[in-house]
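What follows is a set of notes on a single structure, which appears directly below.
The values are calculated or read from the model by the stated rules, or taken from the named source; none is laboratory data. Treat the numbers as computed from the prediction; the structure is a model and nothing was measured. Note that we place each Cβ from the backbone using ideal geometry, even for glycine, and neighbour counts take in every protein chain shown. The area values use the complete protein model at the heavy-atom level, side chains included, leaving out ligands, DNA and RNA. Shrake-Rupley method; radii C 1.70, N 1.55, O 1.52, S 1.80 Å.
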Amino acid sequence: MIHMGFSGAVAFFLVRVFKVVPPVKMTFEIYATCVMPISAFFASSLWLGNTAYLHISVAFIQMLKALMPVATFLMAVLCGTDKLRCDVFLNMVLVSVGVVVSSYGEIHFNVIGTVYQVTGIFAEALRLVLTQVLLQKKGLTLNPITSLYYIAPCSFVFLFFPWFLLEKSEMEVSQIQFNFWIFFSNALCALALNFSIFLVIGRTGAVTIRVAGVLKDWILIALSTVIFPESTITGLNIVGYAIALCGVVMYNYIKVRDVQASQVPVDGLPERMSKDWKMEKKSSDIFVPSNSGESNGGTDLGSGSFSLESNMDEEAAPLIASSRLSHIGRTQVGSHAV
């Protein structure tokens, strides 16, 4: 709750006072259908995830977090931002089997803590997918600052009420040692984390942020076994987590392969344009440029068409380039005729 309040206050000063970035035109419909659910799921994931630390060890929590790509993929399919594919589904099954094996080998297994953590994982997955919809599908030009400007205050409200109703009465003020610099530095780290999460989701996708966190989970597991004596891990823990990581790495490979396959092979584009240019010259008996004119015109035309068509579809680019060449050829005919 303190993190969200601090992040919202900083975002408010950056947007409204210092005017570092302008606010977007946020309608009530988008705020009610996107911002409020994102804030609610964000608050739920924080609340459930922090509660799990009271029941299970830090190392086991990080192992359970390997389920995040599975939860995110399922939520993305349900929300329509991703398609159900057989190869990806098999990877998700592999991750799930690895987490089950790791849970079976856990020494201090606790059902309540596991339920808290898994429920928080699915809430976080919904939050990530809805954030991707808000940033990419709704046509909003939100940056990390404006995202926190709208989401952080609402998350603060969703965290305030359960704290006030459930936790405040059990807190003893005499036992609380409040250190301003510890809380301030901690809130700064949370602000930087939120900025980076929104930036990565806006530029890539919801699953990428979880795949990129695999290294962080390994470091947390290693450090928790050293710092906290109760975070002991067994060989079966390691085997199960290794199986889950294999599924995550294979999923990442499939995504990278799909992105590379969808990109336009720009190396072959100038050759296709050159062939289209030659076909235009053969099919036109009206104008035949001289060698010097052909060389100059071809160079300027090639560079200009390549820059214009480099972002177009592979099949449409030759047709558009050919029609544009025909238009320029007719323009040259008219100028020579005059």
Just name the residue that is surrounded by the fewest Cβ atoms within 10 Å (Cβ to Cβ) out of those in region 215-254 that are over 16 Å from Val58 (Cβ atoms) and without any contact (Cβ under 8 Å) to a residue 60 or more places away in the chain. Leu215
Expected single match for of a type outside the set (Ser, Thr, Tyr) and free of Cβ contacts under 8 Å to residues at least 12 places away in the same chain among Phe156, Phe164 is Phe164
Of those in region 13-57 that are among the hydroxyl-bearing types (Ser, Thr, Tyr) and either open to solvent by 80 Å² or more (accessible area, probe 1.4 Å) or not in a helix (DSSP H, G or I) (or both), the residue modelled with the highest pLDDT is Tyr53
For region 66-86, what are the residues that are open to solvent by 50 Å² or more (accessible area, probe 1.4 Å), in a helix (DSSP H, G or I) and in contact with a helix residue (DSSP H, G or I) (Cβ under 7 Å, 6 or more places away or on another chain)? Cys79
Of the residues that make up region 173-185, is at least one touching a Leu at 6+ places or on another chain (Cβ under 8 Å), open to solvent by 20 Å² or more (accessible area, probe 1.4 Å) and part of a helix (DSSP H, G or I)? no
Residue under question is Val100, and the condition is that it be crowded, with 16+ Cβ neighbours inside 10 Å, touching a residue at least 12 places away in the same chain (Cβ under 8 Å) and within 23 Å of Val249 (Cα to Cα); does it hold? no
Take the residues of region 123-160 that are closer than 21 Å to Ser44 by Cβ and charged (D, E, K, R): which is least open to solvent (accessible area, probe 1.4 Å)? Arg127
Return the residues of region 103-122 that are modelled with pLDDT under 90, assigned to a helix (DSSP H, G or I) and open to solvent by 60 Å² or more (accessible area, probe 1.4 Å); say none if nothing qualifies. Tyr104
